[in-house]
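**Student:** Let me begin by handing over the structure; questions about it come next.
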């Protein structure tokens, strides 16, 4: 795999599509794989989407874990400050 970021973005998209089809269980699988391939600066979507998928499956402790991880990531990378300055954060 030469383009890990491209593959992780594709996995994210597949996870979103499965979620939209009502297959949150399958969505989790794709978002976990996305998380494995994402670098530290591009893993927010995986964390957040895992939170959404687990919440849909009524796995609230797992959902809370991933929502908190997404929040911690945003704080670490100072997303609010970058957004205010007009910097592009995501593709």
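**Student:** Being closer than 21 Å to residue 7 by Cα and at pLDDT 95 or above, is that true of even one residue in the stretch 53-63?
**Tutor:** yes
**Student:** Let me ask you something else. How do the pairs read when you match residues in the stretch 1-25 that are on the phi < 0 side of the Ramachandran plot and touching a residue at least 60 places away in the same chain (Cβ under 8 Å) with residues anywhere that are part of a helix (DSSP H, G or I) and surrounded by 13 or more Cβ atoms within 10 Å (Cβ to Cβ), using Cβ under 9 Å and keeping only pairs 6 or more apart or on different chains?
**Tutor:** Partner pairs satisfying both residue conditions: 9/34; 9/42; 9/45.
The values are calculated or read from the model by the stated rules, or taken from the named source; none is laboratory data. Owing to the predicted nature of the structure, the values given are computational and were not obtained by experimental measurement. Positions of Cβ are generated from backbone atoms using ideal geometry, with glycine treated the same way; all protein chains shown enter the neighbour counts.
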